[in-house]
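Worksheet for the structure shown next.
Read-outs throughout are calculated quantities, based only on the coordinates presented, and are distinct from any laboratory measurement. On a predicted model such as this, the values are computed, not experimentally measured, just so you know. Reconstructed Cβ throughout: ideal geometry from the backbone, glycine too, with neighbour counts over all protein chains shown.
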Amino acid sequence: MIDAHSIMYITNRPDITMVSGEGSWLTDNEGKRYLDFMQGWAVNCLGHSNPGMIAALDKQARKVMNPSPAFYNEPMIELADLLTANSCFDKVFFANSGAEANEGAIKLARKWGKLHKNKAFEIITFDHSFHGRTIATMSASGKPGWDTMFAPQVPGFPKAHLNDIASVEALINENTVAVMLEPVQGEGGVIPAEIGFMQDLRALTKKHNILLIVDEVQSGCGRTGKLFAHQLFDVEPDIMTLGKGIGGGVPLSALLCTDAVASFEPGDQGGTYNGNPLMCAVGISVITQLTAPGFLTDVMAKGEYLKSKLLQLSAEFGFDGERGEGLLRALIMNRDIGPSIVDAARNMTPQGLLINSPRPNLLRFMPALNVSTLEIDLMIETLRTLIAQAPK
């Protein structure tokens with residue numbers, strides 16, 4: 001048994017300690033290896049122990065780790081330039097987590113509303129959405145039960161229904177400043193927005209002079225086969241948030257916006273580690289690798305390959321199909337066996353499999369973006385065995 005009595009209890013963890021990783025594989029304290037199709041909840045976009053990231057960390061750590069956010073630093077500027085050069089945005093604020101980036105987006109939208117929309121402050125969000133674990137981002141989220149967990153919530157986040165443009169329009173009033181959504185709802189069950197809905201939403205927000213905010217904390221940074229998920233829909237938002245994949249495993253996130261929306265003044269926004277050069281150096285390595293010729297094309301191809309294999313499994317077992325974009329996908333089962341399969345997969349010998357069940361009838365897959373087809377095949381064969389053994 002692991003003696004972890006000093007660790008605050010916040011979730012059920014298995015009695016194992018992960019000690020090393022390489023690519024798509026993790027190894028625990030007893031030497032057992034696990035094929036990792038969670039990758040830290042879509043965080044390790046380049047897998048474990050990526051050589052480029054390690055080199056960037058080592059090089060920057062020998063120069064300066066923390067000159068203070070009161071000064072510019074070279075990696076901060078270079079990463080911001082990389083992001084704006086590869087997107088429709090003009091300005092970047094760096095933070096440490098997706099929740100921080102989303103909190104910043106909420107503040108920025110409200111500041112813009114104060115200046116340009118007669119103090120409008122309401123941000124329409126969506127049922128089953130997930131935007132973080134601060135009080136404000138929990139209030140913005142549409143996760144069932146979160147409205148009472150730490151009540152009272154922060155007001156100003158009416159909920160619409162994803163892919164239902166009429167439900168959005170019905171909520172717009174004089175207090176509305178923005179609409180905020182995940183292009184693919186990850187924690188909600190890997191539910192993609194539809195292209196027609198996204199284009200109608202962009203048209204609707206422009207019609208009412210309100211902002212469109214895309215939360216790409218999970219779906220951004222190559223996860224869908226595009227560098228940014230909103231590019232799948234041929235729309236240009238006003239604000240975008242990034243997290244998870246942008247750091248490839250280190251704590252880094254970003255809030256991006258257009259020049260027209262950038263309205264923070266000194267004192268409005270900050271953070272002890274915003275633009276930290278050590279983290280930004282890693283971010284440069286990540287974005288450089290993601291934008292290398294052919295990389296995202298390969299992600300799209302691997303996503304289609306995983307999709308085809310999941311559809312074969314679904315047909316074989318009479319399930320309800322699969323959904324997702326790129327290498328963020330879910331298998332939709334016809335009964336609530338997800339948690340038991342997750343446990344059985346992890347406990348397999350001689351090697352385990354790490355997958356996730358955001359809903360009892362779903363399995364979610366978030367492998368490294370450079371996962372091999374052989375590793376996808378191994379995951380599918382392992383899953384086939386586990387499903388055949390699952391309770392009927």
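Worth pointing out:
- Couplings 3J(HN,Hα) for the stretch 28-45, derived from phi with the Karplus relation 6.51 cos²θ - 1.76 cosθ + 1.60 (θ = phi - 60°), are 9, 5, 9, x, 6, 9, 10, 6, 9, 9, 10, 6, x, 6, 6, 7, 7, 5 Hz, where x marks Gly and Pro.
- Contact order normalised by residue count of the stretch 64-144, Cα under 8 Å, 6+ apart, percent: 19
- Partner aspartates and glutamates for Lys392 [C-alpha distance under 15 Å; skip if fewer than 8 residues away on the same chain]: Glu316, Asp336
- Looking at the stretch 51-290 alone, DSSP beta bridges between its own residues are antiparallel in about 45 percent of cases.
- Exceeding the 31 Å Cα-Cα cut-off - candidates Lys107/Lys226; Lys206/Lys307; Lys117/Lys143; Lys207/Lys309; Lys111/Lys159: Lys206/Lys307; Lys207/Lys309
- Computed [θ] at 222 nm, deg cm²/dmol, the chain (DSSP H ≥ 4; -39,500 (n - 2.57); rounded to nearest 500): -11000 deg cm²/dmol
- Hull-based mean projected area of the chain, where the convex hull spans the alpha carbons, in square nanometres: 20.0
- Kirkwood hydrodynamic radius of the stretch 259-339, from the reciprocal of the average inverse Cα-Cα distance over all distinct pairs: 16.8 Å.
- Förster radius 22 Å - calculated FRET efficiency between Thr288 and Ser49 (Cβ-Cβ, nearest 0.05): 0.80
- Shown in residue order for the stretch 167-174 are the 3J(HN,Hα) couplings computed by the Karplus curve 6.51 cos²θ - 1.76 cosθ + 1.60 at θ = phi - 60°: 5, 6, 4, 5, 9, 6, 8, 5 Hz (x for Gly and Pro).
- In sequence order, calculated HN-Hα J values of the stretch 355-369 (Karplus, 6.51, -1.76, 1.60; Hz; x Gly/Pro): 9, 9, 10, x, 9, x, 9, 10, 10, 10, 10, 9, x, 4, 5
- Per residue, the convex hull spanned by the Cα atoms of the stretch 1-48 amounts to 92 cubic angstrom.
- Alpha-carbon centroid distance for the pair the stretch 277-352 / the stretch 354-392, whole angstrom: 8
- Straightening the chain between Asp58 and Val19 buys 12.1 nm, computed as 0.36 nm per residue apart minus the Cα-Cα spacing.
- Rounded to the nearest 20 debye, dipole of the stretch 142-212 from Cβ charges on Lys, Arg, Asp, Glu: 140
- Its Kirkwood hydrodynamic radius, worked out from the mean inverse distance over all distinct Cα pairs, puts the stretch 235-392 at 18.3 Å.
- For Leu211, residues with placed amide H under 5 Å, excluding near neighbours: Ala178, Val179
- Cα gyration tensor shape for the stretch 320-371, rounded if a/c is under 1.5, else prolate or oblate: oblate
- Helix 373-389 axis, angle to the chain major axis (alpha carbon atoms, nearest 10°): 70
- Alpha carbon centroid spacing (whole Å) that separates the stretch 160-233 from the stretch 92-128: 14
- Base-10 log of normalised Debye intensity for the stretch 1-127 (one unit scatterer per alpha-carbon) at q = 0.18, 0.21 Å⁻¹: -1.23, -1.31
- Candidates Ala229, Ala315, Ala345, ranked by Gaussian network fluctuation over the chain, Cα under 10 Å, top entry: Ala315
- Pairs of alpha carbons in the stretch 88-132 separated by more than 12 Å make up 69% of all such pairs.
- For the chain, the longest principal axis of the alpha carbon atoms and the long axis of helix 295-317 meet at an angle near 50°.
- Taking amide H as placed 1.01 Å from N in the peptide plane, Ser20 has its amide H under 5 Å from the amide H of Thr27, each at least 5 places away in sequence or on another chain.
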